[in-house]
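The values are calculated or read from the model by the stated rules, or taken from the named source; none is laboratory data. Only a predicted model underlies this, so the values are computations on that prediction, with no experimental measurement involved. Cβ atoms come from the backbone with ideal geometry, glycine included; neighbour counts cover every protein chain shown. Each accessible area value is taken on the protein alone, full model and side chains, heavy atoms only, with ligands, DNA and RNA left out. Shrake-Rupley method; radii C 1.70, N 1.55, O 1.52, S 1.80 Å.
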Amino acid sequence: MAAKEPVQDNDLYAYDSFSGGGGGKRSDNNFLWWCAGAHQQLLKQFPSEHSKYSGLGGVILATFVLAAISSGYAIYSIFNSFGWTILFAIIWGLIIFNFDRFLVSTMRKYGVSRRKQFWMAVPRIALALLIGVTIARPLELKIFEKEIDTKVVENIHKKIQLNDSLLQAENTALMQTTETERNRLMNRKLSLEDTLHRLQLSYVQEADGTGGSGRRGIEQLTRLKMDAFGNARQQHGPELLQLQADIGKQDSILAGAKASLEEKRKQYEASAKANVGFLERNKALTDLAGEESSVFWTSLLLSLLIILIEVGPILSKLIMPVGPYDIALAKEELTLMAASENEMRKDKELTSEKKKAFYRKQKEMSDQLTDKLTALQQKHIDEELDKWERGEWNPKDHRSSMDEVMRKIKERYQVDEGDLL
């Protein structure tokens, strides 16, 4: 017992103690092997294969983490909610994890040529590439977040300028029509006021001696000019008031149009700044990549790295050499398939033998019945011949009686003439 104590102490620090068993007891299941889709009970028999499938399971687990982080950031940029972010990140990560685990677990190494393995892996690699591109983009947006924020502000400013020009074009016709009408009214008003001013100035000059007569004081001519001014003011006064009111209306229309234009511009500006989502940030990254080659190459290399990590499980399984576990797995699968096929063949043979025995028994019964009917017919024929020799035979009555006997026999034994043949 004393000699075994150091061994027990060493077992506490063995590699197997970190696989989930704890202490000196080995775990029945290995999480990384499960991630790799391995047959764990069979894999335990081949220690040299443990590290390979632990590494393969770790690669698949890494794709789960990347997918969860990527989808979580994308959802957070849209909903800005931690609850939805965590929920969707877990769901999307599990979907990608199951895809990768399924793709790896269905690839077989033993008994399949390298060429055939490659062509079998092509659709899996294509699917992994698609998943990798989906995962890579949100992570790129997070990495270039500061540069993207600056570009988003620039793009929003351009959108606001474009919207302003569109709003100006939309109100141009109304503004021009209103301005034209206001200018017409203003010109008419100025014309009438100028006429009244000239008439007023004429009688004032006549009164102070600077007019045409050159006499100071109110004379007959001055009165005439005053009357002319009074009549003109009385005549054009209502029109001037109406013109003033119409000009006020046109000014109101212009002010309303300008206020509406400014309100629409402010609303669009607020909406553009508030609704910056995933697509807007994705466009900003695309613009940056198009403007600066450094951003383009960095984004491309980052995408390739993430895609390579996603394709990693398939490539890892593809380049892994055939090991004893692969041979044992193929043997077990083929053995089970052969056993199933043998069982099916046995069931088929048993069913066939039962059918043959049934048809053989049916034929024996049919032969026996035929022999009995033949003997019965021969007996009746002999009886009728005896009657005929003695002169007691009536062909009509006896023929009908014989047919009736045969009919009853056939009904009783369910005889079909086709079966007899």
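Just one residue in the set 285, 241 is open to solvent by less than 60 Å² (accessible area, probe 1.4 Å) and modelled with pLDDT of 80 or more; that residue is 285. In the stretch 228-241, the residues that are farther than 11 Å from residue 193 by Cα reach residues that are polar (S, T, N, Q) and open to solvent by 60 Å² or more (accessible area, probe 1.4 Å) with C-beta atoms within less than 9 angstrom, at least six apart or across chains, in these pairs: 229/200.
Selection of first residues in the stretch 331-358 that are within 22 Å of residue 39 (Cβ to Cβ) and modelled with pLDDT of 80 or more and of second residues that are assigned to a helix (DSSP H, G or I) and open to solvent by 100 Å² or more (accessible area, probe 1.4 Å), restricted to Cβ pairs under 8 Å at least 6 apart or on distinct chains, gives an empty result. Taking the conditions (1) at pLDDT 80 or above; (2) open to solvent by 60 Å² or more (accessible area, probe 1.4 Å); (3) within 30 Å of residue 133 (Cβ to Cβ); (4) aliphatic (A, V, I, L, M) in turn, residue 253 satisfies each one other than (3). Listed by position, the helices (runs of 4 or more DSSP H) enclosed by the stretch 1-92 that each have at least 2 residues that are within 35 Å of the chain's Cα centre (by Cα) and at pLDDT 85 or above are 31-35, 50-79. Residue count for the stretch 93-135 satisfying the condition of being open to solvent by 20 Å² or more (accessible area, probe 1.4 Å) and either part of a helix (DSSP H, G or I) or of a type in the set (Phe, Trp, Tyr) (or both): 24.
Only one of the numbered conditions (1) open to solvent by 30 Å² or more (accessible area, probe 1.4 Å); (2) touching a residue at least 40 places away in the same chain (Cβ under 8 Å); (3) farther than 22 Å from residue 69 by Cβ is not met by residue 297, and that is (2). Scanning the stretch 195-224 for residues that are at pLDDT 75 or above and over 30 Å from residue 184 (Cβ atoms) returns a single hit, 224. For residue 202, which of the numbered conditions (1) open to solvent by less than 60 Å² (accessible area, probe 1.4 Å); (2) touching a residue at least 60 places away in the same chain (Cβ under 8 Å) fails to hold? Residue 202 satisfies every listed condition except (2). The one condition from (1) assigned to a helix (DSSP H, G or I); (2) more than 30 Å from residue 105 (Cα to Cα) that residue 276 does not meet is (1).
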